[in-house]
Amino acid sequence: MGRERKRKALLPPRRGGPGRRAAVRRGGKAMEAGPIVTSKQREEVVHGVPTEVVCTAFSNSVLVVVTQYGKMGTIVYLDPNIIGDDVGRPSLTTKVLLGKDEPLVHVCAKNLVAFVSQEAGNKPVLLAMALKDKTMEGIQALREVIRSCQVW
């Protein structure tokens, strides 16, 4: 019992959980702090296929979930390289973390969320995608849905 008391005493006091707002004092005035994580969700029919998109901004990266199956599907990490190309834009390196590592996955991932990384100040993007429509027209339409969920 003595050990349990010591361990509890060593733990820091609990603060509000994710998404909870906490009062912050600045200059003697209490202010509402925003949520730690900002997220937007959208459901839309894209080329006849019901689609869900969720974008979440973290301090060091952006998570984008695009699904036409109701599942997370293949998870791809897109990392902007420090050394850019001749135009001054960094090139994106893609790495499949979970799922099938096929060339089409890398192409879809770059086409879907390259703009997210650029507009977010070259932050890495974690993309979860489960797509029925992988045509270029479908990818372009999905890109616009992602843009409508902008949190970066």
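The values are calculated or read from the model by the stated rules, or taken from the named source; none is laboratory data. Model, not experiment: these values are computed from the prediction. What goes into the accessible areas is simple: the full protein's heavy atoms, side chains included, and nothing from ligands, DNA or RNA. Shrake-Rupley method; radii C 1.70, N 1.55, O 1.52, S 1.80 Å.
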P(r) of the stretch 91-141 over all Cα-Cα pairs, binned every 5 Å from zero, in whole percent: 4, 19, 33, 23, 17, 4, 0
The stretch 48-149, accessible area per residue, ligands and nucleic acids excluded (1.4 Å, Å²): 51 Å²
Give me the base-10 log of I(q)/I(0) for the stretch 48-149 at each q in 0.16 Å⁻¹, Debye formula, one uniform scatterer per Cα, rounded to two decimals. -0.63
